[in-house]
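Presented below is the structure to which this report refers.
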Amino acid sequence: MKLNMSNIFCCVSILLFFGCTSTSQMSQEVLEQYQYYTDIINADKTNDEAFYERSQLLLSVNDYEKALTDIDQAIKLDSTKADYYYTRGLIYFSMNKITESINDFTTVISMNPRNQTAYNRRGVLYYMQKEYEKAINDFKKILEFDPENSEAYSNLGGVYFEMEKDEYAFAAAEMAIECNSENMSAYLLRGMIFSYRELYQEALHDLNEYISKIDHNAVAYYSRGDIYKELGEYEKALNDFYSALPFARNTDADDIHEACGEVYLLLAENEQDEKLKKKYKEKAKTEFDVAEFRRMASGEVRSVKK
């Protein structure tokens, strides 16, 4: 069972992490900066840089609508600055307006054809849109400019992995680690490929390395739990599956509950004590029921082993 690789991209590759949720939660320092640029704008409505800077502050506290209004005004006042389109691309992404975000990163690239960050952002967005060949082209373009760009290799490997081109994905992950031994997303990718090849010890090494540095990724915990399940280490498997749940997307949580149910059935099959056997079967039924209920609630129909 393969959980969606977009968890890796969204949490590791695109690196869009902002703090608060609105201007009411600005820190004192940010609030002072916000007021500073507001005063400039009140004094001069044609100051595009002040609108740009204020939009950056609003983006940093997740006030996307106001941030978009400011950056639109900055672009209206001066449409020649790539940084303005880049910022708007980030805002559109944060608002889940993927097509608009791609368009702005494309504008940045047209203004600065060697902007590797814009290629990376757009490549990740193409991946999210399942436009895999376009994503591959963007990551390869980065490698033309910087042949040792570890992130580009791991992102490229992630696309190949999703396309089930595991040989290409593995080679890309190896290159990513060779270029930067601290690239955790590359360890996660290589660990998953080792797992699918049933090279479980190698997979555990890479997944342990990843989880030791990044302990909030459902894909990593689920992948390691699946290995423990195959190795018959059922308690470790359950621990990892339950560790994955708080970080899983709704659709992935269904599969994780089902995996927990399968492990409880395996525990029941190997248990001699009748009371414990009954307990494990009851827990298995509960997990299968939760998985089935969640799928029914989301409109998905899929039979669950009971």
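The values are calculated or read from the model by the stated rules, or taken from the named source; none is laboratory data. All of these numbers come straight from a predicted model, not from anything done at the bench. Positions of Cβ are generated from backbone atoms using ideal geometry, with glycine treated the same way; all protein chains shown enter the neighbour counts.
May I ask you to verify whether LEU204 is farther than 28 Å from PHE105 by Cβ and hydrophobic (A, V, I, L, M, F, W, C)?
Yes, satisfied.
Scan ALA268, ALA259, ALA220, ALA203 and give me the residue that is touching a residue at least 12 places away in the same chain (Cβ under 8 Å) and within 19 Å of the chain's Cα centre (by Cα).
Checking each option against the conditions leaves just ALA220.
Give the residue that is nearest to TYR126 (Cα to Cα), with candidates limited to residues of the range 144-180 that are outside any helix (DSSP H, G or I) and in contact (Cβ under 8 Å) with a residue 24 or more places away in the chain.
MET163
When the range 226-254 is examined, which residues are found to be acidic (Asp, Glu) and touching a Phe, Trp or Tyr at 6+ places or on another chain (Cβ under 8 Å)?
Result: GLU230, ASP240, ASP252.
Taking the range 83-113 as the region of interest, how many residues are outside any helix (DSSP H, G or I) and in contact with a helix residue (DSSP H, G or I) (Cβ under 6 Å, 6 or more places away or on another chain)?
Of the residues in that region, 2 qualify.
I'm checking my understanding of the structure. Among residues of the range 181-195 that are assigned to a helix (DSSP H, G or I) and in contact with a Lys or Arg (Cβ under 9 Å, 6 or more places away or on another chain), which one is farthest from SER212 (Cα to Cα)?
SER195
Can you find even one residue in the range 8-26 that is assigned to a helix (DSSP H, G or I), surrounded by fewer than 19 Cβ atoms within 10 Å (Cβ to Cβ), among the polar types (S, T, N, Q) and modelled with pLDDT under 55?
Yes, some residue in the range 8-26 is assigned to a helix (DSSP H, G or I), surrounded by fewer than 19 Cβ atoms within 10 Å (Cβ to Cβ), among the polar types (S, T, N, Q) and modelled with pLDDT under 55.
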